[in-house]
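This report refers to the structure that appears directly beneath it.
The values are calculated or read from the model by the stated rules, or taken from the named source; none is laboratory data. Being a predicted model, the structure only gives us computed values, none of them experimental. In this analysis, Cβ positions are derived from the backbone assuming ideal geometry, glycine residues included, and neighbour counts consider all displayed protein chains. To get the accessible areas, we keep the full protein, side chains included, count just its heavy atoms, and leave off ligands, DNA and RNA. Shrake-Rupley method; radii C 1.70, N 1.55, O 1.52, S 1.80 Å.
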Amino acid sequence: MIYAGVDVGGMSIKCCLATEEGKIITKGSFVTKEGITCAEMAEQTASYIKTLAKNAGIEEKEIVSVGMGTPGTVDGKKGMIVYSNNIKLDHAPIVKEMEKHLSCPVFVENDANAAALGEAVFGAAKGLKNVVLVTLGTGVGTGIVANGQMITGMGGAGAEGGHMVIKMGGEKCSCGNRGCFEAYASASALLKQTDKMVARHPDSLLASLWAEKGRVGIVPFDAAKAGDKAGETVIRNYVNYVAQGLVGLVNIFRPDVVLIGGGISNQGDYFIKKVSRRLNRIVYGSSINDRVKVKAAELKNDAGLLGAVALAVRAGNARA
Ligand SMILES: [Zn+2]
């Protein structure tokens, strides 16, 4: 049985065909024009899926279902993108439009929620029922699987852990509020924190690497690993911010595992172990309850696609 996954981004749309076990058979992407309408997006995506299938020697009728992950507020029950500041489609009936062009059912969910489902079905949390996935990128995306089900909330507007306030009156967030987890723990926040430290310590290794390699998230890690005090301070504070946001989610959901995804997770054990140590120190009942497991997410660049495939498999099989 074949399933299609669609990962909708701000500038392009990735599509794949995969097996029930999450093995990608073929994938590709196409660029979307600015101001694309829902009908155009559906028509182009459906036609791209058909082309992928044709080129891989798969008949369209072999595709059981299509899963889509899109940014923003997504009402999966209504098959609608309700709000997205990235792709600028509000109240878009994407499922209805897609199904005009395809002969199988289509399902849509928020991309971060779908990514958490993907990790629980195919990735680092395979077989586990309670998972919190935090993606540290331009923003902070969170996806929560509780008792094997995605938490999406009323109208799909829930599970926005990136906008939990961890410091009242704190740094300004892209959402308009102050002090959100995202404003401290995103990769963009790490760059701002490094800027400030560089200005304060212009003679540090951190400052010279910042000038040499450019404004990239790997620099404070490299400086800290080399024993530079300014770099170590940036990373220590950043780890504390990440753990501070995670502790709120962990105290509510107490997942079997916390997964960290996004570019920052490429720092591997060096970063994950620090976050784990801090989180386990401040979590509720830390001295008595079992330790919280923290791991790097596994699906990496395919996280969005395989999240969408997991959605297609789950929802498609439930419908069949
Ligand atoms: Zn916010």
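Some observations on this one:
- Residue-averaged [θ]222 nm for the chain, counting only DSSP H segments that reach four residues, each worth -39500 (n - 2.57): -12500 deg cm²/dmol
- For region 262-320 and region 156-197, distance of Cα centres in Å: 20 Å
- Sorted peptide list for 18-27, 174-183, 96-105, criterion being average Cβ within 10 angstrom, highest first: 174-183, 96-105, 18-27
- Tensor-based shape of region 131-298 (alpha-carbon gyration tensor, a/c under 1.5 rounded, otherwise prolate or oblate): prolate
- Rounded to the nearest 10 Å², the accessible area of Ile2 at probe 1.4 Å: 20 Å²
- Among Gly231, Ile144, Ala157 - extreme Cα towards positive end, dipole of the chain, charges at beta-carbon: Gly231
- Rolling a 1.4 Å probe over the protein heavy atoms gives the chain an accessible area of 47 Å² per residue.
- Derived scalar couplings ³J(HN,Hα) [region 229-238; Karplus, 6.51 cos²θ - 1.76 cosθ + 1.60; whole Hz; x for Gly, Pro]: 4, 5, x, 4, 5, 4, 5, 4, 5, 4
- q = 0.09, 0.10, 0.11, 0.12 Å⁻¹: log10 I(q)/I(0) that the Debye formula gives for the chain, counting C-alpha atoms only: -0.48, -0.59, -0.70, -0.82
- Among beta bridges from DSSP that stay inside region 131-298, the antiparallel ones total about 55%.
- Relative contact order %, the chain, counting alpha carbon pairs below 8 Å whose residues are six or more apart: 20 percent
- Per atom type, the chain shows carbon and sulfur on 51% of its accessible surface, probed at 1.4 Å.
- Whole-Hz couplings from phi, Karplus 6.51/-1.76/1.60, listed for region 174-189; x for Gly and Pro: 4, 7, x, 8, 10, x, 5, 3, 4, 6, 10, 10, 6, 4, 5, 5
- Of all the options Asp203, Asp228, Asp269, the one that moves most in a Gaussian network model of the chain with Cα springs shorter than 10 angstrom is Asp203.
- Among the listed pairs Lys33/Lys61; Lys33/Lys54; Lys88/Lys192; Lys61/Lys100; Lys23/Lys300; Lys129/Lys293, those with a Cα-Cα distance over 19 Å are Lys33/Lys61; Lys33/Lys54; Lys88/Lys192.
- DSSP bridge orientation in the chain - percent antiparallel, rounded to nearest 5: 60 percent
- Amide H to amide H, with H built 1.01 Å from N, Gly137 comes under 5 Å of Ala187, counting only residues 5 or more places away or on other chains.
- Karplus 3J(HN,Hα) series, Hz, for region 83-100 with 6.51 cos²θ - 1.76 cosθ + 1.60 (x for Gly, Pro): 8, 8, 6, 7, 9, 6, 10, 10, 6, 9, x, 4, 5, 4, 5, 5, 5, 5
- Helix 38-55 vs. the chain, principal-axis angle (Cα, 0 to 90°, nearest 10): 80 degrees
- In terms of its C-alpha gyration tensor, region 74-183 comes out oblate, because a/c is 1.5 or above while a/b does not outweigh b/c.
- Nonlocal amide H pairs with Thr26, under 5 Å, H built at 1.01 Å: Leu17
- Value of D in µm² per second that Stokes-Einstein yields for region 205-283, Kirkwood Rh from Cα pairs, at 20 °C (1.002 mPa s): 160 µm²/s
- Label positions at Lys300 and Ala157, each projected 7 Å from the Cα along the C-beta direction, are separated by 3.8 nm.
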